[in-house]
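Here is the structure we will look at.
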Amino acid sequence: MTKEGIKAVDEVYRNWETREKLSKVVKLEELREADYNLSPSQFVDVSDKVVHRAIADILTDLAVARQDREWADKDLAEVLAKLNL
């Protein structure tokens, strides 16, 4: 662990606090409901939420990128022709 990570764990332990993606103070009833499973993944969510874009927005962006590429290809072809390449 990094020094920062060790410090964060020490802080939440000493202050008995809940910290997102690191710790959660749970009540005995929550532990009973979890069948006394003390695995951190039972109580602390460390996953990042994935945000998906709408297909229509993606298709629009692809169409714009395709048009930009075609213009760039055309400009490059003109430059190369002027250079006799």
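The values are calculated or read from the model by the stated rules, or taken from the named source; none is laboratory data. Since the model is a prediction, treat every value here as computed from it, not as a measurement. All Cβ positions, glycine included, derive from the backbone under ideal geometry; neighbour counts span all protein chains shown. Accessible surface areas use protein heavy atoms only, side chains included; no ligands, DNA or RNA. Shrake-Rupley method; radii C 1.70, N 1.55, O 1.52, S 1.80 Å.
Is the range 4-17 home to any residue that is polar (S, T, N, Q), assigned to a helix (DSSP H, G or I) and within 23 Å of the chain's Cα centre (by Cα)? Don't jump to the end; show me each part of the working.
So in the range 4-17, the residues polar (S, T, N, Q) come out as 15.
Narrowing the set further to residues that are assigned to a helix (DSSP H, G or I) leaves 15.
Still in the list and also within 23 Å of the chain's Cα centre (by Cα): none.
Scanning the range 4-17 turns up no residue that is polar (S, T, N, Q), assigned to a helix (DSSP H, G or I) and within 23 Å of the chain's Cα centre (by Cα).
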Whichever residue in the range 22-36 is surrounded by 11 or more Cβ atoms within 10 Å (Cβ to Cβ) and not hydroxyl-bearing (Ser, Thr, Tyr) and, among such residues, is nearest to the chain's Cα centre (by Cα) = Leu22
Filtering the range 1-16 down to residues that are touching a strand residue (DSSP E or B) at 6+ places or on another chain (Cβ under 9 Å), under 22 Å from Asp48 (Cβ atoms) and of a type in the set (D, E, K, R) yields none
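Tally up the residues in the range 46-79 that are farther than 30 Å from Thr18 by Cβ, in a loop (DSSP other than H, G, I, E, B) and open to solvent by less than 100 Å² (accessible area, probe 1.4 Å), please. First the steps, then the outcome.
Start the filter on the range 46-79 by keeping residues that are farther than 30 Å from Thr18 by Cβ, which leaves 53-79.
Applying the additional criterion that residues be in a loop (DSSP other than H, G, I, E, B) yields 53-54.
Checking the rest, the ones that are also open to solvent by less than 100 Å² (accessible area, probe 1.4 Å) come to 54.
So the answer is 1.
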